[in-house]
Amino acid sequence: MEFSLAGEILSSFELHHFYRPLETIEHPQPQTAIKRAKMTLKDHLHLRSSVSHHPDDDKDKEKEKEDESTARKLFRRLKSGGKSDDESDNESPKLRSDSEAEVVIELPPAADFHVHLRDGSMMETVTPTIENGGVNLVYVMPNLVPPLTDPAAAIAYMSRLQPLSPSTTFLPTLYLHPSITPATIATAASMGIVGVKSYPRGLTTNSDSGVLSYEQFYPVFQAMSDHDIVLNLHGECPSTPSEDVAGIEDEDITILNAESKFLPTLLSIHKAFPKLRIVLEHCTTAAAVEAVRSCGPTVAGTITAHHLFLTIDNWADDPFCFCKPVAKLPADRAALLAAATSGDTKFFLGTDSAPHPKPAKQGRSGKTVAGVFTQPYAVQLVAEAFDKVGKADKETLEGFCCKFGRDFYKVKEKGIENGQDKRRIVLMRGLGEKVVKEVGGGEGAVVPFRAGEGVWSLKWIE
Ligand SMILES: O=C1C[C@@H](C(=O)O)NC(=O)N1
């Protein structure tokens, strides 16, 4: 495939940075160092594949094979919060050897079609954990502060992420906002923006600039349909104000029925734009699964790893299990597990991994914030959940974690993934691994989902 280097010439720092051999990037400082560049996604991928074809690569090939990747080295350092292994708060249990694993499953690298990687120091903490979760392609959410409403800003954000996990493909999105017009969509398409995410206003983290009414965006949706850009829906309705004591049973909305009340909106957008590819993000109910199934092939649903474990009781007294949409009833969780393991190509992995500093999750500034952090264990958690229903087999995991999402997003057809990665991931059960207690250090430390509990192991092989 031919890529052209359109737009402005990159600054010498940026070129230097992208062309450096991957293993020599020791401590990237993307925040301060990378200026905004008018690159397209394909320019970006082109630079990455140039990196992997650098002639010096051959010389160092043997050595590189022995080395861990930059991302994994960074993650190891982050696990210990910058401390040495002896000082670390994270226990390092003695693991059994790979040959003692009870179950071994080899897969291609997974794709995660819903991640929050933030910006600044949090970005530097969480982005190197992507590989640990078995993933080499991520679809990155735009709810930064301020939100990513401008295509050039979204592509520049990808350039800040790239050095932190050099082997990962980052796919950019825009934040649906009144400033986005059909002309913005045309520009976004020409620059390689893959989708536009809609947040209902005020319902979750950084959604203050979100949507109040969907009809006002119909001309934008038409342009998205014409340019084959995906619409990603956070599918919840706002709650009835809590001071409203009248209470009308059928009309009341709380976080428990916020998703099912949204489903008619999904159906009406699909009816108005049958060719528009739509993803109902982080489905949490049996009703959502049914709604996605009832639509044509242009509508799909993502399912997170944590919603395969959680029900209401878990988040009711544990802020580290609280996210939006909240986990629902056991029957809903069963419906999600059934959909994810069914082989139905409409359902695929989107972890909605959403890191927040530990003090913010603990509500130290008033109330807790929504988001469960699963990035370092994305595929391991899915394997464990599938195992509980006897479905942790290669075909089922590969469909849900690696294949169906890539197919829906036309990753191959559109050439939006760097195809140089020939590695595989190996999942192993029973080695005695535990989820680390924290990632990163100090006030910015993030507590992962199921911290301290047993977890499947994962390694990368060439
Ligand atoms: O939709 C979202 C956003 C996310 C975040 O923290 O950005 N956290 C959530 O729990 N749900």
Legend entry - Positive minus negative residues near E384 (Lys, Arg vs Asp, Glu; Cβ under 15 Å): +1
Legend entry - Residue-span extension gain [A331 to D387] - 0.36 nm each, minus C-alpha spacing: 18.4 nm
Legend entry - J(HN,Hα) series, the range 415-420, from Karplus relation 6.51 cos²θ - 1.76 cosθ + 1.60, nearest Hz, glycine and proline x: x, 9, 10, 5, x, 7
Legend entry - 3J(HN,Hα) from dihedral phi, the range 257-263, Karplus parametrisation 6.51/-1.76/1.60, rounded to Hz, x for glycine, proline: 10, 4, 6, 5, 5, 7, 4
Inset, instruction - Note down the magnitude of the dipole of the range 98-461 about its Cα centre, charges +1 on Lys and Arg C-beta and -1 on Asp and Glu C-beta and zero elsewhere, to the nearest 20 debye. - result: 740
Inset, instruction - Taking amide H positions as placed in the peptide plane 1.01 Å from N, state which residues far from T169 in sequence (5 or more) or on other chains have amide H under 5 Å from it. - result: L137, V138
Inset, instruction - Return the whole-Å distance between the Cα centroid of the range 349-383 and the Cα centroid of the range 412-458. - result: 13
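What size of dipole, in debye to the nearest 20, comes out for the range 204-324 about its Cα centre when the only charges are +1 on Lys and Arg C-beta atoms and -1 on Asp and Glu C-beta atoms? Mind showing how you got there, number by number?
Working: 6 positive and 17 negative charges, 151 e Å.
Dipole of the range 204-324, to the nearest 20 debye: 720 debye.
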Legend entry - Loop trypsin sites (Lys or Arg not before Pro), the range 288-386 (other Cβ atoms within 10 Å of the site Cβ: 16 or fewer; DSSP): R364, K367
Legend entry - Lys/Arg +1, Asp/Glu -1 at C-beta; the range 98-461 dipole; positive extreme among A272, T181, F449: T181
Inset, instruction - Take the alpha-carbon positions of the range 145-244, form their convex hull, and give its projected area averaged over all directions (one quarter of the hull surface) in nm². - result: 7.4
Inset, instruction - Rank these for me by crowding, M158, M122, going from fewest to most other beta carbons within 10 Å. - result: M122, M158
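Could you rank the peptides 173-185, 132-144 by their average count of other C-beta atoms within 10 Å per residue, with the highest value first? Numbers along the way, then the final one.
On the way: 173-185: 18.8, 132-144: 24.8.
Averaged packing, sorted descending, gives the order 132-144, 173-185.
Would you calculate the convex hull of the Cα atoms in the range 322-456 and tell me its volume per residue in Å³?
Numbers: hull volume 20.1 nm³, N = 135.
For the range 322-456, the hull spanned by Cα atoms encloses 149 Å³ per residue.
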Inset, instruction - Would you mind checking the range 354-378 for residues with the amide N under 17 Å from a putative spin-label position 7 Å along Cα→C-beta of K437? - result: 358-359, 362
Inset, instruction - Tabulate in residue order the Karplus-calculated ³J(HN,Hα) for the range 229-240, using 6.51 cos²θ - 1.76 cosθ + 1.60 with θ = phi - 60°, rounded to whole Hz; enter x for Gly and Pro. - result: 9, 7, 9, 9, 9, 7, x, 9, 9, x, 6, 4
Inset, instruction - Quick one: which residues, 5 or more positions from V372 or on another chain, have an amide H under 5 Å from its amide H? H modelled 1.01 Å from N in the peptide plane, none for Pro or chain starts. - result: A354
Inset, instruction - Subtracting the Cα-Cα distance from 0.36 nm times the residue separation, let me have the gained length for E243 to L256 in nm, one decimal. - result: 2.9 nm
Legend entry - Debye intensity ratio I(q)/I(0), log10, the range 98-461, q values 0.08 Å⁻¹ (C-alpha model): -0.36
Legend entry - Debye, to nearest 20: dipole size of the range 172-264, +1 on Lys, Arg Cβ, -1 on Asp, Glu Cβ: 540
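Bear in mind these aren't lab numbers, they're just calculated from the coordinates by the rules spelled out. The structure displayed is predicted, hence computed values, not measured ones. We place every Cβ from the backbone using ideal geometry, glycine too, and count neighbours over all the protein chains shown.
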